[in-house]
Structures are given as structure tokens and as C-alpha cells.
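Worksheet: one structure, shown below.
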Amino acid sequence: MSWSRMLPQPGVVRARRQALNLQSLAALLRHVTVFMQSTNQPVLRDIVLVGGGHSHVGVIRNFGMRPVPGVRLTVICRDTDTPYSGMLPGYIAGHYSFDDVHIDLRRLAQFAGARFYRGQVTGLDRVARKVLMADRPPVPYDLLSINIGSTPQLGSVPGAADHAVPVKPIFEFNQRWLALLERVRTHKGKTRIAVVGGGAGGVELLLAMQFRLHNELRGLGRDPGELVFDLFTSGATILPTHNAWVRAAFERVLAERGVQVHREAEVRAVGAGSLSTGDGKRFEADEIMWVTRAGGAAWLTDTGLELDDSGFIRVADTLQSISDPDVFAAGDIAAMINHPLEKAGVFAVRMGPPLAENLRRRVAGSAPIPYRPQRRWLALISTGDKLAVASRGLLGFRGAWVWRWKDWIDRRFMTKFSDLPDMALNAAPVTPAPSPVKLDADEATQAISAIAMRCGGCGAKVGASVLSRALGALDPVQRDDVLIGLKSPDDAAVVRVPPGMAMVHTVDFFRAFIDDPYIFGKVAANHSLGDIFAMGGVPQSATSVVTVPPGLEAKVEDTLYQMMAGAVEVLNAAGCALVGGHTGEGHELALGFAINGLIDEQLSAVMRKGGMRAGDALLLTKPIGTGTLFAALPLLKVRGRWIDAALDSMCVSNADGARILRHFGATACTDLTGFGLLGHLVEMTRPSGVDAELDLGALPVLDGAEETAVAGILSSLQPANVRLRRALRNQAEMIEHPRYRLIFDPQTAGGLLATVPGEHAAACVAALRAAGYSHTAVIGRILPQGDALEPITLKA
Ligand SMILES: Cc1cc2nc3c(=O)[nH]c(=O)nc-3n(C[C@H](O)[C@H](O)[C@H](O)COP(=O)(O)OP(=O)(O)OC[C@H]3O[C@@H](n4cnc5c(N)ncnc54)[C@H](O)[C@@H]3O)c2cc1C
């Protein structure tokens, strides 16, 4: 059935509205008391946090500890692992691991019940109140907060953008740093490293790099003197914002360590392997690190927010932009008009609590309160070697004890974000909580309607205007063989089967497993298409079945739009036209597709499950482990980057994989889904009349999946899949293998499991890897059917 005919008739919609718009009901609800239960709570307001800086991590934790009923937090950040600046030099020096100095934003967001969108913000549409993103649809907000740090300004120095390494984004800097480490380890002879910027950041970074690289060379029995360090600063002195004693202490350390300090040496040009200063001198440098004063991100200039001369957002004492009270800013990116501050992580951290408080106040319609930052602050600057200097106003100290003190402070801070309290254990049993959110009359009516008893049957359909607005913004691919589709909707879509072709049908349906409708839509569509590709078919048309939880119309509309935008993106890429669907209300977000594909009538291209032959190689194109990883996500037992990698893998289409497998003469093929690897393998060996050997050691496995499976964190479908262990010949001897449980792990949007003739296996794997299926592996071999009842033998 196409969408338009499923919508309630306009008259019906109007009558329903009038009934709900009762003045007395709205007046009663207007100001506060919309009671909601945590299990049945419509979203009334969206607070969107852009950037996972030091202030926002505090805000997320704060909201996690004390959620605001009816308020949804969405965190958008480029990096899942957000760095804590205070420990970065210690990481470079080798005293801390990567995970010691990064906060896992996805995990923190999960703890707080916040949505985490990994991605790059590129702008704001303040009229539509939407955050614009590089690679996904705009994200609507009611309140916005920006904590994106500062951006190195390399553009003004010719060649710097091409040849220098800016210290931010830290993720990219870290990649370059690891590459430099490797180069120094493997390259014998002199390496010159230049650091541009004589502030605390530049000096600390240089000393940390030097300490680490010297240690590396000593460890390899080489001379640390192979490394030459230069520090360039445009000023007459290093550390200009610190007192004379602190400056002298660092001058001494730099001299003792043989660092050449170039004062009043503004770098004016950078080339490959060299830089030039204002006085016309040229210096050789194999690596140039850029740690000079930074500015605001370029995209802010188009937002209409008032910025200072360096491009930072001008904010009042309440941390609200002076041009828009619904936009807050904190950390380096904020320029407090009444309190100019140094750009330091310590201020960003301190802004967290007042920012959280003011977001709460603004959403409740009460006045935000001013924040007054401290005038003096304590800087603890390390010298790389587990010594540090304390600097505060006119005071200064140096010693190993200062480093230990700093280490204690920093670790204590990080523990707040790694050792998260189990809120589920502490929570009172579902008590209705009043929402402080201030609603207007229409919103109040919608909110009460959302929590009132909802109709079933056709009454559970999503409202006409919501649906038409959400779906109207989609742009599904148009095909000539779709005779009646979404463009001219009717009771049902009509599609033509071209002469000589037959139709391949499949259907799938999912409850949302992640609180990001756009990514969920992509994965659901990708999973649904998998069956068509596995059969060797070409997708043609799709109809969808959608369930969305009721709520304010604007929120329902956006959820629907985000989810279908993700799905349509995937369907379009596959050339599959969305021709209709059904959208209803339900407790949980869910999405499914019935997909039609085409295949030649002679079935010459078909890949069936039952074609395996003895001597074939068994291939898998994607890593397994989605079931256990997503079971561990709500328990906070996974790293965010494991989930990122799993989602990336789930979004990889099987289209090219199927084509390549067919090219190499695949004898059998299926896509890996709910029954897990063993279940699907048995589905293939049985009709093929063969046995198989499965090599556990060769299995491609998603990062973290082995850990979570060994920890016993398994999908709810696992027990049903485990019943198939009777298909294993040597189950008893393999049960302790760390990958044993993963063969039962149900997959969402898994890879293709296929067999190709043994002689083609190596070339086929190479072609699949070259096409982007980088985890493809031969995971076993097909054997003639033996006498044993069990068809599968496991190999360690
Ligand atoms: C080497 C070095 C050492 C330092 N040491 C110290 C120290 O010891 N103590 C101290 O107080 N300060 C230190 N600083 C300064 C400190 O790093 C900054 O002041 C601090 O990081 C600013 O914090 P923030 O919260 O404003 O932003 P950041 O910490 O920079 O965080 C910004 C976040 O926003 C994200 N982001 C950025 N742009 C976008 C976008 N467009 N879309 C989505 N997400 C985005 C980033 O991925 C990041 O997660 C040091 C700086 C350097 C360079």
C-alpha cells in the first residue's frame, strides 16, 4: 500500500485536532505538569551538544546523574574518544596509554541516556534551528551548546597547511605522532623536529616528544643525539603568560636538554622539510609541529553568531551567545565578553557545571545565572620526565612531587568518566516524574495525547501532516519499471518485471538497536537488501513498515525523516526505488522492508545455499560479533570505538561482494544474519550434502567482540542459536576456545558467507579486499560428507 492512501482523511485529522485542542486541557497543562514515566516519556525538548570538549563531558555526566524528564540530549562529535588535554603531554611522553587520556563519549552518552552522533558539524541554520552536518541530515535543536575547542590557524602562513602538523584535531595529530615514532625507530641518522609556538602547549609538547623519542632510541641502543629539536616563538620570551620564575625554570630545562630556542622568530613560510622566519632565515626540519595561538572554526562565520577578532563566539556571563540566547558556548571556543580568559582546558572543565545548570534553567523557562570564572588559576606544566612546574600568579614550584600531584588530579578527573555509577541499580522503581519543560498550549496538547491511551488498528497510524512532511523531504531513486510508485501514490505500487527476468522477494523487520535513527535506517535497509544480493539478484523496489513512538509532532517527524533518509540513501545507492510503506505508532522505533529484486529467468546468476562442493574454500566477507557488542552497549561494557567499527561494518553493502563472488564462480552463498555463523553454515551444508571444517583462528572478528563474548555478554538470541551445537563434531574439545561463542552470535547486516572453488580462493579474497571488504578471509573448507551425523568440525 502506498503512503498517501494510508493517511487519515483531512476531515478526520481536523476533528481529532479540535477534540484535543480543548482550551481547558491546554491551560491545565501549559505550565508544568506533564507526568511521564521513564518507560513512556515523550521527548519535549532537544538539547544538542556540539563537540565533546571538556565542558560538555561534564554536562553529559551531570544530565546522566540527574536527567530532566522530557529533555533529550544529543551529543555530536567528530571523535568518539575525546582527549583530556591535561594528560596529553604525558601520553606523548609514554607515561599514559591512549585510553588513559581519552574519554569514551559514546559510552558516556549511553550512560546518560543521550544520543551520540559521530560526525563533523559544518554549520548552523539558526532560523530552522538545525545543526548542519557533513555526512548526514541536519539535526534539529531547541537549545544548542557549542564546545568544539580552538582551531589552529595555519592558513595565514604559506605552506603551513600542507607541510606542518597542527596539534588539533588531536586524533589527526596522534596519527602523525605515531607515524613519527615509527619513522624515528626505523630511520637511522639525524631527524630535525621543529615546534612552532612558545606557549605552555608548545613547550610541554616538545619536552614530552623529546623525552619519549630519546627513550625509544636508547632502548634500541642508538644515540639520542640523532634527534635535533628547535622551538620557534614570535615573542621575546617563551611562556609569556607565566611569571618570570616559571619562564626561567623552563629556559633552564630547554637549555639542559639541548633544545635550540629561536625567540622573535615568527615563522612566515613552511615548505617540504624547511621553514623560514621573519628575519629571512631558513631552517631545515623533517617534522614541523604547529602549536601557535588558534582561532575559531571557519564554519562559525556563517552562523550569524557574533564572534571576536579570533573567531571565537562572544558569550555573556551566562555562557549564552550575545546574539542568540538559545545558543550556548563553552571552553576555548567561547569568548566571555566580561572576563577574557586564557585558552586552557582548566577553564573549559570549570564551565561544565554552570553550563549544565543554565541549560536546565533555560529549558524550564527560568533565567540562567551568571558564571564568574576565577581570576588566577593553577597551571601544572610537565617537563616530559615525570617532573612538572606549578605556576599560579607570581608563584612557582618545580619537582617530581608536582608531577605526582598533577597525575593524581588528572587521574581523579578521568575516573569520573570511566567509572560511571550504575544508575539502573540506584534508580527508584519507575516513578512518574513531572517535567519542568515549559510548553505552549499546542505542545501541551500533543504531549498529553502522546501519553494518553493510543488507538490500535488504523488509529495507530502516524498523522497525515507529520508523515507527508517527513516523507516529502525524501528523494527516492526513480526507475522506469516502477509504473506507479511514491511519485503518484495509490492503493498499491505497480512495478514491471522486464522480459526474461524473474522476481526475488524478501522481507525483514527490526527493532531499533541504537538510538540514532539515521544510522539505524541505513543498517535496516542494508540488512534487508542483503538477501537479494546473496541470491545474485539486483534490487528493484522496496516497501517499508515503520513504527515510531508517539510524541510531539515535530519530534516524531524528525525521527521518521532521519530514519527514512538513512534508509533511502542505502536503497538509492543500490538502485532500489522506495515505492510505498506503512507507518504506525508503537512503543519502540522499528523499521522493516519488503524488497523485490530481479534475476534472469534462467537463474544463471542465482547463488543458492545448496551448491557447496567438496574442495571448495569457505569465505566470509565481513567480521562477526554484532550480537555480543550490541548486547554489551547498554551495560556500558564496550568501548565506543568498537561500536563505531561495528556500525561502519553494518553499513557496508554486500552488492560488490556478491558480484565478485559470482565472478570467481561462487558455488553457494548466503548473507549472515540472525542464526549466526554456524546456523547459516548448516543451512548450506545440509542441502549441499557436504561437511565443513570451520577454522576459528581464521574468523574475522569485530574489535571487542571476543572480549564481550568471553565475558558472557551475549545476545538474547544466542541461546536459541546455541541449540545448533549438535551440528558440531568436536564441540566438547572446542568449548573453551575464546571464539567458540561467536559462531552462535546473531549478526545484523552481516557479510556474505560463500564457497568458491579452492583454486580461486586466493584471487577472490584479494579482489574482495581490494573492493573494501578488508576483513575477508578463508574461514574453512568443504569436505565430502562423512559417516558422522555432525557435519561441522571446528579447527582451533
Ligand atoms: C599540547 C597541549 C597541551 C595542553 N595542555 C594543557 C594542560 O595541561 N592544561 C590545560 O588546562 N590546557 C592545556 N592545553 C590547552 C587545552 O588543550 C585546550 O584549552 C582545551 O583542549 C580546550 O578544551 P575545549 O573543551 O574547549 O575543547 P577541546 O578539548 O578541543 O574539545 C573539542 C571537541 O570538539 C570536537 N569538535 C571540534 N570541531 C568539531 C566539529 N566541527 N564537529 C563535531 N565535533 C567537533 C573535537 O573532536 C573535540 O572532541 C594544552 C594544549 C595543547 C596543544
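The values are calculated or read from the model by the stated rules, or taken from the named source; none is laboratory data. Being a predicted model, the structure only gives us computed values, none of them experimental. Here the Cβ is made from the backbone with ideal geometry for all residues, glycine too, and neighbour counts use every protein chain on show. What goes into the accessible areas is simple: the full protein's heavy atoms, side chains included, and nothing from ligands, DNA or RNA. Shrake-Rupley method; radii C 1.70, N 1.55, O 1.52, S 1.80 Å.
With a cut-off of 8 Å between alpha carbons and a minimum separation of six or more residues, what is the relative contact order of the stretch 567-724 in percent?
38 percent
Express the relative contact order of the stretch 120-193 as a whole percentage, based on alpha carbon pairs under 8 Å and six or more residues apart in sequence.
Reported relative contact order: 14 percent.
When the accessible area of the stretch 31-158 is split by element with a 1.4 Å probe, what percent falls to carbon and sulfur?
It is 49 percent, rounded to a whole number.
What's the ranking of 135-144, 323-332 by average number of surrounding C-beta atoms within 10 Å, highest first?
323-332, 135-144
Counting only DSSP beta bridges with both residues in the stretch 60-195, tell me the antiparallel percent, nearest 5.
70 percent
So, in Å, what gap is there between the alpha-carbon centers of the stretch 114-153 and the stretch 284-311?
That distance is 18 Å.
Could you work out [θ]222 nm for the chain from helices alone, using -39500 (n - 2.57) per DSSP H run of at least four and dividing by all its residues? Round to the nearest 500 deg cm²/dmol.
Result for the chain: -10000 deg cm²/dmol, rounded to the nearest 500.
Given a cut-off of under 8 Å on Cα pairs at least six residues apart, what relative contact order in percent is computed for the chain?
Answer for the chain is 14 percent.
With a 10 Å radius around each residue's Cβ, average the other Cβ atoms per peptide and rank 715-721, 490-496, highest first.
By packing density, highest mean first, the sequence is 715-721, 490-496.
Label the chain by shape, choosing from rounded, prolate and oblate, from the square roots a ≥ b ≥ c of the eigenvalues of the Cα gyration tensor; if a/c is under 1.5 it is rounded, and otherwise prolate applies when a/b is larger than b/c, oblate when it is not.
Because a/c hits 1.5 or more and a/b fails to exceed b/c, the chain counts as oblate.
Take the residue pairs LYS522/LYS622; LYS487/LYS622; LYS190/LYS343 and return only those whose Cα atoms are more than 28 Å apart.
Among LYS522/LYS622; LYS487/LYS622; LYS190/LYS343, the Cα-Cα distance tops 28 Å for LYS487/LYS622; LYS190/LYS343.
Any aspartates and glutamates with Cα under 13 Å of the LYS130 Cα? List them, leaving off those in the same chain fewer than 8 positions away.
The reachable aspartates and glutamates, counting only those whose Cα sits under 13 Å from LYS130, are ASP46, ASP142, ASP326, ASP558.
Looking at the chain, send over the antiparallel percent of its DSSP beta bridges, to the nearest 5.
60 percent
Taking a ≥ b ≥ c as the square roots of the eigenvalues of the Cα gyration tensor of the stretch 584-653, is the shape rounded (a/c under 1.5), prolate (a/b larger than b/c) or oblate?
Oblate shape, in that a/c is at least 1.5 and b/c is the bigger or equal ratio.
Got a number for the accessible area of LEU794? Probe 1.4 Å, square angstrom, nearest 10.
Its accessible surface works out to 10 Å², give or take rounding.
Mind checking which aspartates and glutamates have their Cα closer than 13 Å to the Cα of LYS168? Skip sequence neighbours fewer than 8 apart in that chain.
Reachable aspartates and glutamates: ASP79, ASP332.
Quick check: the distance between the Cα centres of the stretch 616-634 and the stretch 549-609, to the nearest angstrom?
A separation of 23 Å, based on Cα centres.
Aspartates and glutamates within cross-link reach of LYS795: Cα-Cα under 12 Å, excluding same-chain residues under 8 positions apart?
In chain and number order, the partners are GLU693, ASP695, GLU733.
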